[in-house]
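What follows is a short report on a single structure.
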């Protein structure tokens, strides 16, 4: 066996170590993105509250003072919505990258053959997607 053939087919231990390393790096980047989202959310909240505090110091009419908490609550709801959207996006991106790490372990040719074999067995038909069930049309 030549050296090039052994490199093309890494041992399960090497593949597992590579997958672990790659997955750990994806997790590190994902959690760093989440940390940055948290940091931006805190800085934004601090700026909103500092602005509200400054506005309260200025002599205002009573109705103006009553409007400040309402404005602050509105901006807090907007900020919370943005925060959760960003957090969900970061989590989905991290999940997609983790799936990508392990996708090279799947033998796509064998998977395709197994799928064709399942298509040929009528007992699996109720569990397999069909154009009528998925809404797609094959022409």
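For residue 85, are the conditions met, namely being touching a helix residue (DSSP H, G or I) at 6+ places or on another chain (Cβ under 9 Å) and modelled with pLDDT of 85 or more? The answer is no for residue 85.
Pairing residues of the range 1-27 that are at negative phi and assigned to a helix (DSSP H, G or I) with residues that are modelled with pLDDT of 75 or more and loosely packed, with under 12 Cβ neighbours inside 10 Å, at Cβ distances under 8 Å and at least 6 apart in sequence or on separate chains, gives 19/102; 23/102. For the range 24-46, a tally of residues being more than 13 Å from residue 90 (Cβ to Cβ) and surrounded by 12 or more Cβ atoms within 10 Å (Cβ to Cβ) returns 3.
The values are calculated or read from the model by the stated rules, or taken from the named source; none is laboratory data. Given the structure is predicted, the values throughout are model-derived calculations rather than measurements. Cβ coordinates were reconstructed from backbone atoms using ideal geometry, including for glycine residues, and neighbour counts include every protein chain displayed.
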